[in-house]
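Engineer: To start, I am sharing the structure in question, which I have written as structure tokens.
The values are calculated or read from the model by the stated rules, or taken from the named source; none is laboratory data. Computed from a predicted structure; not experimentally measured. Cβ sites come from the backbone with ideal geometry, for glycine too, and all protein chains shown count toward neighbours.
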Amino acid sequence: MYAKLILSTLLISGAAHADIYKYVDENGNVTFTNTPIKGAVRIMSESSQPATTAPRRSSSDSATPRAARVATPSPANFPKVDTATQKSRDSNRRLILEEELNGERASLSKAQKNLQEADANRTATEQANPKLYLERIGKLRETIVMHEKNVAALQAELARVR
């Protein structure tokens, strides 16, 4: 879940240096970063040169209500990107989100299968101590709920991609 938050933050921000790295640790946890890590794979790379014009944003691009936004001009030295660069970033963002969605769907399917198998196959220890069985089933159900929430969040984020 944190990986999605980090990913969204990295992709939404308009940093001048746009290299993004994906790192998967031995437990399968995914980390996205803009700094190289040993074992990480660069998934997006763009020039660090700021362009001269910024893309226009519509009022629907922001989650902030219209009344709460303040129209403040950007500083003169604020990094800006041209339309082609922004479209490229949006395209990369969509691809990353789709990849993450496919991975979450696979994880959800695997978790559901694990729950079905666990439900059908109680160990001798679990038959003697039903509390152990309930704990194991509870953890499996929590994992399913987590993956379902991640799938829903990724689908919502993909719906917002231009």
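Engineer: Those residues that are in a loop (DSSP other than H, G, I, E, B), modelled with pLDDT of 70 or more and surrounded by 15 or more Cβ atoms within 10 Å (Cβ to Cβ), I need them from the stretch 35-78; list them, please.
Structural biologist: If the condition is that a residue be in a loop (DSSP other than H, G, I, E, B), modelled with pLDDT of 70 or more and surrounded by 15 or more Cβ atoms within 10 Å (Cβ to Cβ), then A40 is the only one that fits.
Engineer: Against the condition outside any loop (DSSP other than H, G, I, E, B) and among the charged types (D, E, K, R), how does R122 come out, does it pass?
Structural biologist: No.
Engineer: On the basis of being in a loop (DSSP other than H, G, I, E, B) and either without any contact (Cβ under 8 Å) to a residue 60 or more places away in the chain or on the phi > 0 side of the Ramachandran plot (or both), does R141 make the cut?
Structural biologist: no
Engineer: Do you know which of the residues in the stretch 88-125 that are of a type in the set (S, T, Y) and farther than 13 Å from T143 by Cβ is surrounded by the fewest Cβ atoms within 10 Å (Cβ to Cβ)?
Structural biologist: Going through the qualifying residues, I end up with T125.
Engineer: With the requirement that a residue be among the polar types (S, T, N, Q) and within 22 Å of G28 (Cβ to Cβ), what does the stretch 125-148 give you?
Structural biologist: T143
Engineer: What pairs come up if the first residue lies in the stretch 110-136 and is modelled with pLDDT of 90 or more, the second is among the β-branched types (V, I, T) and surrounded by 15 or more Cβ atoms within 10 Å (Cβ to Cβ), and their beta carbons are under 9 Å apart, counting only those six or more places apart or on different chains?
Structural biologist: A111/T143; A111/I144; Q112/I144; N114/T143; N114/I144; L115/I137; L115/T143; L115/I144
Engineer: Also, quick follow-up: Determine, yes or no, whether L134 is of a type outside the set (G, A, S), part of a helix (DSSP H, G or I) and more than 24 Å from K22 (Cα to Cα).
Structural biologist: yes
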